[in-house]
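Q: Just dropping this structure here.
The values are calculated or read from the model by the stated rules, or taken from the named source; none is laboratory data. Note that the structure is a prediction, hence the values are computed from the model and not measured. Don't worry about glycine lacking a Cβ; one is built from the backbone with ideal geometry, like all the others, and counts go over all protein chains shown. The area values use the complete protein model at the heavy-atom level, side chains included, leaving out ligands, DNA and RNA. Shrake-Rupley method; radii C 1.70, N 1.55, O 1.52, S 1.80 Å.
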Amino acid sequence: MSGIKVEYQNEHSIITSSSLFKGFDVIPLAASEEESLVASIDRLLFSDERIYVMDEACRRLLAFDKKGNFISSTEKYTGEGPEQYLSIKDAAI
């Protein structure tokens, strides 16, 4: 896993996004059904095929394809029953 190394000269230096990134894409996430609505984005995770949004406010992880189409959510696993969890605090791929 590689990180981003940011060097700066002093506290008054300005770091622009163009100095850190070659480019970016804006991918609107589809909110076609209630299960796909996002209350807060606490973490974004990217794989080769998916975009994952950790929504701690709604206690779930949502999956979207690379075009932003909703695929699924962990919402049905939220609760106090067997094989359910109370909250989500972190996520990793």
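Q: How many residues are part of a strand (DSSP E or B) and either open to solvent by 70 Å² or more (accessible area, probe 1.4 Å) or in contact with a Pro (Cβ under 9 Å, 6 or more places away or on another chain) (or both) if we restrict to the stretch 37-60?
A: In the first step, residues of the stretch 37-60 are kept if they are part of a strand (DSSP E or B); the result is 43-46, 50-55, 60.
Going one step further and asking which of them are either open to solvent by 70 Å² or more (accessible area, probe 1.4 Å) or in contact with a Pro (Cβ under 9 Å, 6 or more places away or on another chain) (or both), we end up with 43-44, 46, 50.
Residues meeting the conditions: 4.
Results for (1) without any contact (Cβ under 8 Å) to a residue 12 or more places away in the chain; (2) open to solvent by 50 Å² or more (accessible area, probe 1.4 Å); (3) of a type outside the set (Ser, Thr, Tyr), shown as yes or no for each residue.
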site	(1), (2), (3)
THR16	yes, yes, no
SER19	yes, yes, no
VAL26	yes, yes, yes
LEU29	no, yes, yes
GLU80	yes, yes, yes
TYR85	no, yes, no
ILE88	no, no, yes
ALA91	no, no, yes
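Q: In the stretch 61-78, how many residues are of a type outside the set (D, E, K, R), in a loop (DSSP other than H, G, I, E, B) and without any contact (Cβ under 8 Å) to a residue 40 or more places away in the chain? So that I can check it myself, show each step before the final result.
A: So in the stretch 61-78, the residues of a type outside the set (D, E, K, R) come out as 61-64, 68-74, 77-78.
Imposing the further condition that a residue be in a loop (DSSP other than H, G, I, E, B) reduces the set to 68-69, 74.
If we keep only those that are without any contact (Cβ under 8 Å) to a residue 40 or more places away in the chain too, we end up with 69, 74.
Count: 2.
Q: Can I ask one more? Among the residues of the stretch 14-21, are any modelled with pLDDT of 85 or more and within 21 Å of ILE93 (Cβ to Cβ)? Let's see the steps before the verdict.
A: As a first pass, look at the stretch 14-21 and keep what is modelled with pLDDT of 85 or more: none.
No.
Q: Could you list, in sequence order, all residues of the stretch 61-78 that are hydroxyl-bearing (Ser, Thr, Tyr) and open to solvent by 100 Å² or more (accessible area, probe 1.4 Å)?
A: Scanning the stretch 61-78 gives a single hit, TYR77.
Q: If you don't mind, another one. Considering only the stretch 41-93, state which residues are farther than 22 Å from ILE27 by Cα, in contact with a strand residue (DSSP E or B) (Cβ under 7 Å, 6 or more places away or on another chain) and of a type in the set (D, E, K, R).
A: ARG59, GLU75 - these are the residues of the stretch 41-93 that are farther than 22 Å from ILE27 by Cα, in contact with a strand residue (DSSP E or B) (Cβ under 7 Å, 6 or more places away or on another chain) and of a type in the set (D, E, K, R).
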